[in-house]
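Read-outs throughout are calculated quantities, based only on the coordinates presented, and are distinct from any laboratory measurement. These figures come from a predicted structure and were not determined experimentally. Note: ideal-geometry Cβ built from the backbone for every residue, glycine included; neighbour counts use all protein chains shown.
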């Protein structure tokens with residue numbers, strides 16, 4: 001049984017998710033920025049994975065502001081100095097696995113009284129919780145292509161924050177020690193605050209994540225990863241005053257990431273063939289345009305059993 005294999009703190013997250021209280025978060029809908037994580041087709045039935053996905057941004061772009069009728073208006077580019085996500089994933093079969101999680105962000109202040117505060121950051125707050133499913137159409141082979149589908153629903157922790165539905169293919173290609181993965185997806189926005197015209201900005205963004213990884217040893221892999229978002233494809237949605245004043249924002253990042261794996265003895269594993277594996281990823285992603293932070297430190301910790 002799934003619950004029998006989970007440690008107590010993991011069960012605590014599971015039971016807390018439906019009852020989470022609303023917190024005060026930014027309700028603007030800038031470009032949809034993911035967790036800088038590559039989705040995988042790896043599926044071993046009965047396996048549980050606990051994940052901590054973290055990102056720290058440096059050299060953040062300065063906020064654009066203007067005076068409109070004596071009030072300061074500022075752009076709604078999605079900038080967070082710290083992002084932290086906690087997730088639990090369970091593989092139900094060779095063809096399906098699911099995940100639930102929560103995400104915290106330290107975002108730019110939404111409400112500020114002076115230009116000096118426009119680039120200040122709020123404290124780390126609960127931003128959203130999410131449910132994800134991955135369907136595997138073609139399992140990852142020892143050599144060749146694999147194909148799957150990602151569907152993810154993200155619910156804002158703010159009562160009037162936008163909700164999103166993310167969907168797109170997972171494409172993998174294996175050749176010897178090389179593994180290439182591509183996760184393109186569309187992000188549809190629902191609800192959220194109404195703009196000056198009384199409409200929700202129900203836009204669609206395009207997001208991608210890509211990785212080329214080389215397995216240098218049994219416990220060491222070296223990768224180049226790229227992440228990006230193109231906001232409001234095809235002119236979708238009903239932009240608010242900030243979007244009309246400053247336009248949309250695209251973000252693009254690329255950089256090296258190192259993954260180290262280690263098998264643990266006597267960990268959380270249960271059963272005669274269970275193994276516990278700890279994987280730590282560390283990398284630095286460089287921003288490729290003026291809308292993106294100059295550098296983003298990526299740190300991931302995954303425990304699979």
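Numbers below:
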| read-out | value |
| --- | --- |
| Potential lengthening between residue 96 and residue 175 on full extension [0.36 nm per residue; Cα-Cα distance subtracted] | 26.0 nm |
| Within the chain, helix-based [θ] at 222 nm, where runs of 4 or more DSSP H residues each add -39,500 (n - 2.57), nearest 500 | -1500 deg cm²/dmol |
| Euclidean distance between Cα centres, region 129-146 to region 55-86, Å | 35 |
| Stretch gain in nm, segment residue 120-residue 275, where the contour uses 0.36 nm per residue and the Cα spacing is subtracted | 51.3 nm |
| Max mean-square fluctuation residue, GNM over the chain, Cα-Cα springs under 10 Å, options 128, 87, 44 | 44 |
| Contour minus Cα-Cα distance for residue 165 and residue 233 (0.36 nm per residue) | 23.0 nm |
| Within region 163-206: backbone nitrogen closer than 17 Å to the residue 241 label point (7 Å, Cα to C-beta) | 193-201 |
| Candidates 30, 281, 70, ranked by Gaussian network fluctuation over the chain, Cα under 10 Å, top entry | 70 |
| Rg to Rh, two decimals, where the chain supplies the alpha carbon set and Rh follows Kirkwood | 0.98 |
| Residue 66/residue 193 FRET efficiency (R0 25 Å; Cβ-Cβ; nearest 0.05) | 0.80 |
